[in-house]
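First comes the structure, then the notes that go with it.
The values are calculated or read from the model by the stated rules, or taken from the named source; none is laboratory data. Note that the structure is a prediction, hence the values are computed from the model and not measured. Note that we place each Cβ from the backbone using ideal geometry, even for glycine, and neighbour counts take in every protein chain shown.
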Amino acid sequence: MRAVARLYANENFPLPVVEALRGLGHDVLTTHEAGRSGESIPDDQVLAFAVTDRRALLTLNRKDFVRLHQRNSNHHGMIVCTVDENFARQADRIHTAISEYESLDGQLIRVNRPPR
């Protein structure tokens with residue numbers, strides 16, 4: 001079971017979820033902290049940055065990143081999520097999902113909001 005993950009949250013990912021994941025012990029870098037916010041960086045370059053920094057990508061942009069994964073799974077993981085206004089619950093679901101893997105390398109992990 002994986003204890004701590006190195007994650008890269010792309011620009012549209014909610015900061016409260018990032019903070020909650022940090023509280024759970026994960027090493028999360030945001031686009032803003034990487035000095036790359038507001039630049040409209042293409043998705044393939046966002047993924048390339050995550051790969052270079054050996055981080056799994058954390059995103060709400062599911063369709064585009066699933067396509068990138070289907071073209072090339074040579075990455076350190078992708079966690080694609082649906083929007084959930086309950087940030088603590090979303091962080092817990094992400095934590096649980098990634099904790100099931102020994103390594104996130106090449107994995108596409110879907111974390112969906114529970115039904116209402």
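When the range 52-91 is limited to residues that are charged (D, E, K, R) and more than 16 Å from Ala9 (Cβ to Cβ), the one that is farthest from the chain's Cα centre (by Cα) turns out to be Arg71.
Out of Ala91, Ala56, I need the residue that is touching a helix residue (DSSP H, G or I) at 6+ places or on another chain (Cβ under 6 Å) and either hydrophobic (A, V, I, L, M, F, W, C) or free of Cβ contacts under 8 Å to residues at least 12 places away in the same chain (or both). Which one? The unique qualifying residue is Ala91.
Selection within the range 72-116: residues that are more than 24 Å from Gln45 (Cβ to Cβ) and hydrophobic (A, V, I, L, M, F, W, C). The member of this set that is surrounded by the most Cβ atoms within 10 Å (Cβ to Cβ) is Ala91. For the range 93-111, the tally of residues that are within 13 Å of the chain's Cα centre (by Cα) and of a type in the set (Asp, Glu) stands at 1.
Screening Pro114 with (1) at pLDDT 95 or above; (2) over 12 Å from the mean Cα position of the chain (by Cα); (3) in a loop (DSSP other than H, G, I, E, B) gives one miss only, at (1).
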